[in-house]
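Colleague: Have a look at this one before I ask anything.
The values are calculated or read from the model by the stated rules, or taken from the named source; none is laboratory data. Not measured: the values here are computed from a predicted model. With ideal geometry, Cβ positions are generated from the backbone for all residues, glycine too; neighbour counts draw on all protein chains shown.
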Amino acid sequence: MNDRNDAPRVKKTGFLADLFAGYLMGIAFIIPGFSGGSIAAIVGIYERLITAIADIFKSFKESVKTLLPIGIGLLLGAVSLLYPLKLALAWAPLPTVSLFVGLALGGMLSVTDKLRGKIRVTNILALGIPLLFAAGLCFIPTGAEVDLFSLNFSGYAVLFFVGVIGSAALVIPGISGSMLLLILGYYNPIINLITNHLLKLRDVGKSVLVLGVTVAGIAVGFVIISVIMKLLLKKCPRGTYFAIVGFIVGSIPSAFISTAKDAGMTVDTLPSSVWHWVACCALLILGFAAALLLIIKVKKLRQNNE
């Protein structure tokens with residue numbers, strides 16, 4: 001099969017389906033090792049999302065119509081579950097991340113149909129290189145945490161660039177924005193700024209400025225990376241999906257390792273309780289089943305809106 005075939009026609013889903021997809025993307029964005037882009041690919045809105053962002057200046061009205069429910073859902077998911085997920089990752093990090101690994105594994109079934117055809121060496125490379133890259137992110141040492149309340153002009157310029165890098169998590173499946181922010185030393189400071197300052201109405205002006213610069217960087221990165229991904233999906237859609245699957249699969253061990261590291265665990269200090277690992281397995285299976293049900297529901301919504 002020729003990788004240069006035209007990209008498959010993108011189908012529309014309903015407002016509520018896009019809202020829910022955005023909600024899941026928001027949750028994935030704040031979990032180290034996971035990617036909002038992976039969720040977009042799993043629930044079948046990835047190509048629509050990329051096209052809408054890449055064409056924002058060319059087809060502004062249509063792009064906004066597509067991005068609005070996804071964006072609202074993304075913000076609701078990130079904000080509403082930021083604090084609960086922070087507690088869950090603090091008290092039961094491995095069981096919590098197991099639930100989301102189950103979701104990723106179950107959701108992979110919605111992407112594998114894009115890979116059908118003769119397997120070539122280029123396909124294997126397209127799968128293997130992103131897989132190794134995504135899995136290797138968790139082994140990069142994290143930088144010293146940045147003081148967001150003492151930034152000068154150059155500090156804000158770097159923060160803007162960090163936002164551009166963070167946008168990769170919502171555009172490239174399998175690349176974790178929170179993981180990248182952890183490596184750069186910005187993840188915990190941004191989370192603390194939101195939970196300990198902005199939500200408690202402390203240092204609101206400074207907090208809004210910091211988040212505004214970050215969001216501006218994310219917006220610019222959105223457009224740049226989306227244009228690149230749209231071009232790749234148009235020129236070699238099947239090869240691009242091999243790379244997407246590689247990123248998603250590579251992010252799974254990365255999610256476990258990065259979560260354990262963030263919780264201060266080592267091989268010698270991993271939980272020894274049998275029930276802890278039973279809970280991990282149960283939540284992984286629950287996530288897998290939930291992903292299958294989600295795929296079925298999204299397909300029904302898509303059929304109803306065709």
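Colleague: From the set of residues in segment 137-155 that are free of Cβ contacts under 8 Å to residues at least 24 places away in the same chain and of a type in the set (Gly, Ala, Ser), which is nearest to Val204 (Cα to Cα)?
Modeller: Ser150
Colleague: Between a first residue in segment 56-71 that is within 28 Å of Ile27 (Cβ to Cβ) and a second residue that is part of a helix (DSSP H, G or I) and of a type in the set (Ser, Thr, Tyr), which pairs have beta carbons less than 6 Å apart while being 6 or more apart in sequence or on different chains?
Modeller: These pairs meet every condition: Ile56/Ser63.
Colleague: Next question. In segment 101-125, which residue that is among the small types (Gly, Ala, Ser) and assigned to a helix (DSSP H, G or I) is farthest from Ala135 (Cα to Cα)?
Modeller: Step by step, filter segment 101-125, then rank; the result is Ser110.
Colleague: To continue, here is another question. Looking only at segment 248-279, count how many residues are assigned to a helix (DSSP H, G or I) and over 26 Å from Pro130 (Cβ atoms).
Modeller: Summing the residues that are assigned to a helix (DSSP H, G or I) and over 26 Å from Pro130 (Cβ atoms) in segment 248-279 gives 9.
Colleague: Go over the candidates Ala289, Ala243, Ala282, Ala255 one by one and state the one that is within 25 Å of Gly22 (Cα to Cα), surrounded by fewer than 16 Cβ atoms within 10 Å (Cβ to Cβ) and among the small types (Gly, Ala, Ser).
Modeller: Among Ala289, Ala243, Ala282, Ala255, only Ala289 is within 25 Å of Gly22 (Cα to Cα), surrounded by fewer than 16 Cβ atoms within 10 Å (Cβ to Cβ) and among the small types (Gly, Ala, Ser).
Colleague: For segment 198-211, which positions are in contact (Cβ under 8 Å) with a residue 12 or more places away in the chain and either basic (Lys, Arg) or under 27 Å from Asp55 (Cβ atoms) (or both)?
Modeller: Selection gives Lys206, Leu211.
Colleague: Okay, next question. Quick check: anything in segment 78-85 part of a loop (DSSP other than H, G, I, E, B), within 25 Å of Ile295 (Cα to Cα) and either under 17 Å from the mean Cα position of the chain (by Cα) or not aromatic (Phe, Trp, Tyr) (or both)?
Modeller: Yes, segment 78-85 contains at least one residue that is part of a loop (DSSP other than H, G, I, E, B), within 25 Å of Ile295 (Cα to Cα) and either under 17 Å from the mean Cα position of the chain (by Cα) or not aromatic (Phe, Trp, Tyr) (or both).
Colleague: Ok, one more. Sort out for me the helices (runs of 4 or more DSSP H) sitting completely within segment 153-234 that have 3 or more residues that are on the phi < 0 side of the Ramachandran plot and surrounded by fewer than 23 Cβ atoms within 10 Å (Cβ to Cβ).
Modeller: Answer list for segment 153-234: 153-166, 177-184, 187-192.
Colleague: Here are some conditions: (1) within 29 Å of Ser63 (Cα to Cα); (2) in contact (Cβ under 8 Å) with a residue 60 or more places away in the chain. Thr214 meets all but one. Which one does it not meet?
Modeller: (2)
Colleague: Looking at Ser98, is it buried (at least 16 other Cβ atoms within 10 Å of the Cβ), more than 19 Å from the chain's Cα centre (by Cα), part of a helix (DSSP H, G or I) and at pLDDT 80 or above?
Modeller: So Ser98 fails the test.
Colleague: Gly155 - would you say it is small (Gly, Ala, Ser), modelled with pLDDT of 85 or more and closer than 23 Å to His197 by Cβ?
Modeller: Taking the combined requirement at face value, the residue satisfies it.
Colleague: Looking at (1) buried (at least 22 other Cβ atoms within 10 Å of the Cβ); (2) outside any helix (DSSP H, G or I), find the lone condition where Ile56 falls short.
Modeller: (1)
Colleague: Only one of these conditions is not met by Ser63: (1) of a type in the set (S, T, N, Q); (2) out of contact with any Asp or Glu (no Cβ under 7 Å at 6 or more places or on another chain); (3) surrounded by fewer than 24 Cβ atoms within 10 Å (Cβ to Cβ). Which number is it?
Modeller: Evaluating Ser63 over (1) of a type in the set (S, T, N, Q); (2) out of contact with any Asp or Glu (no Cβ under 7 Å at 6 or more places or on another chain); (3) surrounded by fewer than 24 Cβ atoms within 10 Å (Cβ to Cβ) leaves (2) as the failure.
Colleague: So, one more: Ala135 passes all but one of (1) part of a helix (DSSP H, G or I); (2) out of contact with any Ser or Thr (no Cβ under 7 Å at 6 or more places or on another chain); (3) surrounded by 13 or more Cβ atoms within 10 Å (Cβ to Cβ); which number fails?
Modeller: Condition not satisfied by Ala135: (2).
Colleague: Could you count how many residues in segment 192-210 are modelled with pLDDT of 80 or more and closer than 20 Å to Gly155 by Cα?
Modeller: Total meeting the criteria: 10.
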